[in-house]
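A quick write-up on the structure given underneath.
The values are calculated or read from the model by the stated rules, or taken from the named source; none is laboratory data. Keep in mind that this is a model prediction, so the values were computed, not measured. Here the Cβ positions follow ideal geometry from the backbone for every residue, glycine too, while neighbour counts run over all protein chains shown.
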Amino acid sequence: MKFYGHTFHIPVLGVGYSVDAPAKVAKYGISSVISIVDDILLEQLRKDYHQKLDKPYEPILAREKDSRAKRITAYLNLINEIVKDQFEKLRVSAFEKGSEITKYFELLPDVSFLKQKYYEMLSEKEELIKLKMQKFLRDNLHCGSIDVNIMTKVDKTNYSEGLPLPSEFNDAHAALRGYANSNLESSLIFSAGMNPKLYGYLETFKDFLPQINGSFKKKIVIKVSDFRSALIQGKFLAKKGLWVSEFRIESGLNCGGHAFATDGYLLGPILEEFKNRKEELLDTLKNLFLPSLQNKEIKTDEKKLDINITVQGGVGLSTEHEFLIRNYGVKSVGWGSPFLLVPEVMNVDKKTLTQLSEAKEDDYYLSNSSPLGVPFNSIRNSGKDLERIERMENGKPGSPCPKKFLEFNKDFTDKPICTASISYFKKLDSIKDNPELKMKYENDLRNASDKNCLCEGLSASALIAKKIVDPKQSLAVAICPGPNLAYFSKVATLKEMVDHIYGRINLITHPNRPNMFIKELSLYIDYLHKKIDESINNFTNQKDELYSTFRKNLIDGIEYYKSLIPNITEEAENVRNKIQKDLELLEEKLLSYQIAI
């Protein structure tokens, strides 16, 4: 099979960092992902783009009916229009030094059939033949996909006149409707686990159903951390006549943003299971999907039904990238955090960019700062951290909570509030002097004192970078890079980062960067030990069983890697030897750990 395009994609980064990445990279055939959680930010960006493009702008006001979905639809349609215009201009540009079409081909991996044809065209002397070759190249260009991400957990109930609105007006439901009503033909990526009600809502939009030729206008992608999760979610959707076109495997800890740790299952063994059981997965889902289509009286070409497996989290070298594709047969590899050092692609303000480029390994950590209560990859002394600490020192803890996307706590109220908000701290104060609730107060206060307003923090950098003024919003920045970014420090161009991905140059600045599998194993061992240490005063048989299973899974993973190392032929022998040595040291660290009860 001839391979034409790129073998990497850019995952969603935060809320505002990759929010318009397709408008910067899709024309070059690179797929990227937009977060559609923040319709307020999307509307601000839509206005900004309209002004820069000298297009008339009609605001969609928050008080309008279904404004959230309408804003998302309008923004996505605008990005689609921009990308289509860019791509068409690129397609007809001249094959000359510095042109857009030349850049398109220069960025492609050297193994691409299309790039090889490009080189043949450049060396052709006969003008008529050269023109025919150029036409072939233009006709076979592919635009990158404008994909979107919805966090299934961020599905807050909304209210009108004090009464809850129907579930289709929940945040994630409205975001789904906004995407479904757009004119995009791309993928919707669900992350953060299964939301049955949200998944069921997909059925109401025909773009997610197959066409008669077996294709889909809008594809469903599920981000998963293991095979079992893929099987459960895939079966749930297949029974409803909904097909999962891709399972996107992400490392539980060696990633950016929220970290959904597994029970010690490591990325290598997880990928191995997907490789070995892909046909089983495909057949299982087909056997549920096709009867459901029959019941709906929908016909499609079942031979075209397939499942792509992709992976992301902690990849930092071209050799790792190539190994994942060769050994596990993944369709694409996600490169996320390293792109935070590419201002040409990401919306990162200069101050944060400098902080990222200067940060060391110890500056990256798993924090308790997310109001969702899920561990959150962070960098020390971010603007949002400093703002939170300053507010507490001034006796004004908490955020005004202007966006309210993460209001889920009902400890003190019937209507949920956010644990990072001023309202929550005031509610905590109401139990401060109750002796029966002393322990709860202290625990809740300690927990809330770590929380940042991520709704503002993860969009602030985009506003700063684009010079968008919003007097109502704090511009203190929160950023959520994965630990892999510690090994990059150079602020790079798009071409430099793509050249690094494909092994044409090397941007790694840390001489002792561990292999991606070794790094993830190290993170999991530290994570387990921290969990055990935190449980010392409340150690139960249930926790003992949980941690024993976790430890066993890590040991099984280590044994798997021992057998895998000789097969990592993309690396030189001395590198494989280092991986082996690092693995032995981590095994010793895991086995020698004693629980001090």
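At a glance:
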item	result
Which listed residue, of I565, I555, I536, is of a type outside the set (G, A, S), surrounded by 15 or more Cβ atoms within 10 Å (Cβ to Cβ) and either in contact (Cβ under 8 Å) with a residue 24 or more places away in the chain or farther than 22 Å from F260 by Cβ (or both)	I565
Residue in region 463-478 that is at pLDDT 95 or above, under 30 Å from S251 (Cα atoms), touching a Leu at 6+ places or on another chain (Cβ under 8 Å) and assigned to a loop (DSSP other than H, G, I, E, B) present	yes
Close pairs from region 507-518: first exposed (fewer than 14 other Cβ atoms within 10 Å of the Cβ), partner not charged (D, E, K, R), Cβ under 9 Å, at least 6 apart	T509/Y487; T509/F488; T509/S489; H510/A486; H510/Y487; H510/F488; H510/S489; N512/Y487
Number of the condition not met by F247 [criteria: (1) of a type outside the set (D, E); (2) surrounded by 17 or more Cβ atoms within 10 Å (Cβ to Cβ); (3) part of a loop (DSSP other than H, G, I, E, B)]	(3)
Residue in region 492-503 that is crowded, with 24+ Cβ neighbours inside 10 Å, acidic (D, E), modelled with pLDDT of 95 or more and assigned to a helix (DSSP H, G or I) present	no
Of all residues in region 254-288 being of a type in the set (A, V, I, L, M) and over 21 Å from F205 (Cα atoms), the one that is surrounded by the fewest Cβ atoms within 10 Å (Cβ to Cβ)	L282
Given (1) part of a helix (DSSP H, G or I); (2) under 18 Å from P371 (Cβ atoms), index of the condition K403 fails	(1)
Lone qualifier among K239, K218 - being under 21 Å from the mean Cα position of the chain (by Cα) and free of Cβ contacts under 8 Å to residues at least 60 places away in the same chain	K218
Filter pass, P291 being crowded, with 22+ Cβ neighbours inside 10 Å and in a helix (DSSP H, G or I)	no
First in region 482-504 and of a type in the set (D, E), second anywhere and assigned to a loop (DSSP other than H, G, I, E, B), Cβ under 6 Å, 6 or more apart	D499/I505
Residues being under 29 Å from L42 (Cα atoms) and in a helix (DSSP H, G or I) - total across region 406-428	3
Test result for G503, small (G, A, S), under 27 Å from the mean Cα position of the chain (by Cα) and on the phi > 0 side of the Ramachandran plot	yes
Test: residue in region 180-197 that is in contact with a Leu (Cβ under 9 Å, 6 or more places away or on another chain), over 29 Å from E88 (Cα atoms) and of a type in the set (G, A, S)	yes
Total residues in region 529-563, condition hydrophobic (A, V, I, L, M, F, W, C) and under 13 Å from L583 (Cα atoms)	3
Subset of region 476-490 that is closer than 17 Å to I10 by Cβ and hydrophobic (A, V, I, L, M, F, W, C) - its residue that is nearest to the chain's Cα centre (by Cα)	C480
Complete set of residues in region 209-226 that are part of a loop (DSSP other than H, G, I, E, B), among the hydrophobic types (A, V, I, L, M, F, W, C) and closer than 21 Å to C143 by Cβ	F216
Residue under evaluation R326, criteria (1) crowded, with 16+ Cβ neighbours inside 10 Å; (2) touching an Asp or Glu at 6+ places or on another chain (Cβ under 8 Å); (3) not hydrophobic (A, V, I, L, M, F, W, C), criterion not met	(1)
Which listed residue, of N295, N254, N276, is more than 20 Å from D147 (Cβ to Cβ), modelled with pLDDT of 95 or more and within 21 Å of the chain's Cα centre (by Cα)	N254
Close pairs (7 angstrom Cβ cut-off, 6 or more residues apart or separate chains): over 17 Å from A21 (Cβ atoms) in region 319-340, in a helix (DSSP H, G or I) and not β-branched (V, I, T) anywhere	E320/M516; N327/N567; Y328/L271; Y328/K275; G329/K275; V330/L324
Region 214-245, residues that are more than 20 Å from A180 (Cα to Cα) and either touching a Ser or Thr at 6+ places or on another chain (Cβ under 8 Å) or of a type in the set (D, E, K, R) (or both)	S225, D226, R228, L231, K235, K239
Odd one out for I212, checked against (1) closer than 30 Å to P269 by Cα; (2) in contact with a Lys or Arg (Cβ under 6 Å, 6 or more places away or on another chain); (3) surrounded by fewer than 18 Cβ atoms within 10 Å (Cβ to Cβ); (4) not polar (S, T, N, Q)	(1)
Meets criteria (surrounded by 12 or more Cβ atoms within 10 Å (Cβ to Cβ), at pLDDT below 95 and among the aromatic types (F, W, Y)) for Y593	yes
Candidate set: region 57-85, residues that are aliphatic (A, V, I, L, M) and assigned to a helix (DSSP H, G or I); chosen: the one surrounded by the most Cβ atoms within 10 Å (Cβ to Cβ)	I72
Helices (runs of 4 or more DSSP H) completely within region 303-394 that count 1 or more residues being farther than 25 Å from F425 by Cβ and under 18 Å from the mean Cα position of the chain (by Cα)	318-328
Search result, residues across region 86-98 that are surrounded by 13 or more Cβ atoms within 10 Å (Cβ to Cβ) and not in a helix (DSSP H, G or I)	S93, F95
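Each row is one residue, and each column tells you yes or no for (1) within 30 Å of I501 (Cα to Cα); (2) in contact with a Leu (Cβ under 9 Å, 6 or more places away or on another chain); (3) not basic (K, R).
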| position | (1), (2), (3) |
| --- | --- |
| L114 | yes, yes, yes |
| E124 | yes, no, yes |
| H142 | yes, yes, yes |
| S160 | no, no, yes |
| L163 | no, no, yes |
| F208 | no, yes, yes |
